[in-house]
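Inspection log for the structure reproduced underneath, given as structure tokens.
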Amino acid sequence: MKTTLTVEIEYDPTMTDPEGLACAMDRLLETALSTPGIMDEYGNPTFREFFVGKGAERGAAVAQSRAVKRLLRKAEEGGLDAEDLDEIVQDVAAQAASTVNNAGLAAQVAYLVEHWSAEEAEKAIDIEIEAQPKGRQA
């Protein structure tokens, strides 16, 4: 038998992102489950990875879509072109990259998979592994 448990988390987006939180929850659960006998009285269930749920994404996407349409109309009516927002977009992207990088290796890997693909992320990781001095490789 299977069940799905939902955990709602409020977080500071300047500190992390949903995928980073899922990685942190995986680590937390892994640590808790490493205690011998901790789940014996529950029949030692198997836990899988945490992930960002589709329902939450869908609701956020609908709200975001409405906001995008409204703000696009406002920008166009205000006479803005794409070039007018270049610097702002670059600043926000740099801030997002900094947040992911500060969240650690798990968040970085999750970000690469989310924004590329597992295959592309693996290629990038392989390149970085090859570039490491031989003494640093595990």
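The values are calculated or read from the model by the stated rules, or taken from the named source; none is laboratory data. Note that this is a predicted model, so its numbers are computed, not measured. FYI the Cβ positions are ideal-geometry reconstructions off the backbone, even for glycines, and counts take in every protein chain you see.
The residues of segment 64-112 that are in a helix (DSSP H, G or I) and under 18 Å from Met25 (Cα atoms), listed by number, are Thr99, Val100, Asn101, Asn102, Leu105, Ala106, Ala107, Gln108, Val109, Ala110, Tyr111. Applying the criterion of being within 18 Å of the chain's Cα centre (by Cα) and part of a loop (DSSP other than H, G, I, E, B) to the residues of segment 26-56, the residue that is modelled with the lowest pLDDT is Gly53. Cβ-Cβ distances below 9 Å connect the following pairs, each with a first residue in segment 1-12 that is in a loop (DSSP other than H, G, I, E, B) and among the charged types (D, E, K, R), a second residue that is surrounded by 10 or more Cβ atoms within 10 Å (Cβ to Cβ) and modelled with pLDDT under 80, and a separation of six or more residues or different chains: Glu8/Ala56. If you go through segment 21-33 one residue at a time, do you hit one that is small (Gly, Ala, Ser) and in contact with a Ser or Thr (Cβ under 6 Å, 6 or more places away or on another chain)? No, the conditions are met nowhere in segment 21-33.
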